[in-house]
Amino acid sequence: MIKKTRLFTPGPTPSFPPAQQVMAESEIHHRTEEFKRILREALAGLRYFFQTQEDILIFASSGTGAMESAVANLLSPGDRALVVVGGKFGERWEELCKAYQVGVEKIAIPYGQALDPRVVRQRLEAGPSVGAVFVQAVETSTATEYDVRSLGAIVHEFPDTCLVVDAITGLGTMELRTQDWHLDLVVGGSQKAFMLPPGLSFVSVSEKAWRRVERSGSPRYYFDYRRERKSVARDQTAYTPAVSLIVGLSQVLRFVQEQGLDNVIRGARLQAEATRAAARALGLQVFSHSPCAACTGIRPPEGIPSTRVVQHLRKEFGLVIAAGQGELKEQLFRIAHIGYFDFYDILGMIGCLELTLEQLGHSLSLGSGVRAALQTYCQRREPGEPGE
Ligand SMILES: *Cc1c(COP(=O)(O)O)cnc(C)c1O
């Protein structure tokens, strides 16, 4: 039997075929007019994707590189930071701050719970001044979305504090208005909503953030925003960029602009909603109380570890999903909607998930998950869409 391998992990996600094509063909030197034009186009597309007119910088690293750059450029050793920790990626902010001798005040959130922005306000008003608040837009490890819009409004009232948002899986899956919402530093990565292979990271920098960048006493070299900003002003990067990925990026961003960002986001949200409906119809629980659209976290049936669901889907159907991370490993499995996915993908995924669960001994009525997903589609489709 033919079995196609399909990625359903929340990074890397499937890449956009036209981008694969131009990346394979690209052989451009980066100090040329041709590359400058491509970079200029990519940066304009990124401003649209991030919804900002402020600076965006591109680095040749995974997302964590840009996260590290945020800490190094905004804070000095001995500064203090408020860190929202509701999962593995919140913990990463905490570890990065510690690596740069930044004092961490933690706001711990139980796994899968929403963030109450008022807690951040209380902590900012109560304690000595903090240089930055670090948070995720989506905590991918628990498939949970946070209210960064309210956080932006709160942090905006504190003139010396920046809001840093790891939006690596928030971008392209939720409304995110970087500039209007006062998100001072927003981090993205190529292998998520940008439908590309891993290797590029992005960061938007507000005027308020630049004031801190100028003062930071932390060591930095490759990730020095000041040098990179000067290069970007000349349509260049300070060091050799990941040329082929940037060529692919400009292709993807052209596509996103044609589609409209709202429609890209709506697609992910529809798939997430359909997946949640399917899970419930199959007698399963959605892990998060504030579920995101980047991926859906589902608790496995009683007595079946998550990793067995993951293994079975891969072995029988070639479908690659993710288990939980760290101590949550067996408590949930995660199905991605971020990136180059359409409704057809999620229908097939749910069908194979039903067969998997049945074969692993979970009692269900075959087709009930798929039916719930179809019903969600019918309720959500808009005039002009197929079937209307
Ligand atoms: C994927 C991801 C990252 C980045 O991880 P890298 O492996 O360094 O690219 C960071 N934060 C979140 C929320 C993510 O989902």
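The values are calculated or read from the model by the stated rules, or taken from the named source; none is laboratory data. Computed from a predicted model, the values in this text were never measured in an experiment. Note: ideal-geometry Cβ built from the backbone for every residue, glycine included; neighbour counts use all protein chains shown. Ligands, DNA and RNA are excluded from the accessible area calculation, which covers all protein heavy atoms including side chains. Shrake-Rupley method; radii C 1.70, N 1.55, O 1.52, S 1.80 Å.
Hydrodynamic estimate: the Kirkwood radius of segment 229-356 over Cα pairs, inserted into Stokes-Einstein at 10 °C and 1.306 mPa s, corresponds to D of 95 µm²/s.
If you put +1 on each Lys and Arg Cβ and -1 on each Asp and Glu Cβ, how big is the dipole of segment 329-379 around its Cα centre, in Debye rounded to 20? Mind dumping the intermediate values first?
Numbers: 3 positive and 5 negative charges, 22 e Å.
Here the size comes out at about 100 debye.
Taking the protein heavy atoms of segment 1-149 in the context of the full set of protein chains, the accessible area attributed to carbon and sulfur is 49 percent at 1.4 Å. Of all the options GLU105, GLU228, GLU34, the one that moves most in a Gaussian network model of the chain with Cα springs shorter than 10 angstrom is GLU34. Inter-part distance, segment 1-79 to segment 183-219, computed on C-alpha centroids, equals 11 Å.
In the chain, with Lys and Arg counted as +1 and Asp and Glu as -1 at Cβ, which of these residues, GLY348, LEU39, MET67, has the Cα nearest the positive end of the dipole, that is, farthest along it? Sorting the options by dipole projection puts first MET67. Rounded to 0.05, the FRET efficiency of the ASP147 and ARG254 pair, given R0 = 35 Å and the Cβ-Cβ distance, is 0.65. Within segment 17-259, DSSP assigns beta bridges of which about 40% are antiparallel (rounded to the nearest 5).
Solvent-accessible surface of segment 17-259, averaged per residue with a 1.4 angstrom probe and all protein chains in place: 38 square angstrom. Once both labels are positioned 7 Å from their Cα atoms along Cα-to-Cβ, the gap between GLU214 and HIS29 label points is 3.7 nm. About its Cα centre, the dipole of the chain is roughly 400 debye, where the only charges are +1 on Lys and Arg Cβ and -1 on Asp and Glu Cβ. Translational diffusion coefficient, Stokes-Einstein: compute it for segment 156-273 using the Kirkwood radius over C-alpha pairs as Rh, at 37 °C and 0.692 mPa s, and state it as an integer in µm² s⁻¹. It diffuses with D of about 206 µm²/s by this estimate.
Taking ALA153, ALA322, ALA279 as the candidate residues, the one with maximal mean-square fluctuation in a Gaussian network model of the chain, Cα springs under 10 Å, is ALA153.
Over all orientations, the chain has a Cα convex hull whose mean projected area works out to 19.5 square nanometres.
Residues considered: VAL138, VAL247, VAL187. Largest GNM mean-square fluctuation over the chain, using C-alpha springs under 10 Å, is found at VAL247.
For ARG118 and GLU175, calculate 0.36 nm times their separation in residues minus their Cα-Cα distance, and state this gained length in nm to one decimal. Write out the running numbers ahead of the final one.
Numbers: separation 57, 0.36 × 57 = 20.52 nm, distance 2.06 nm.
Contour length minus Cα-Cα distance gives 18.5 nm.
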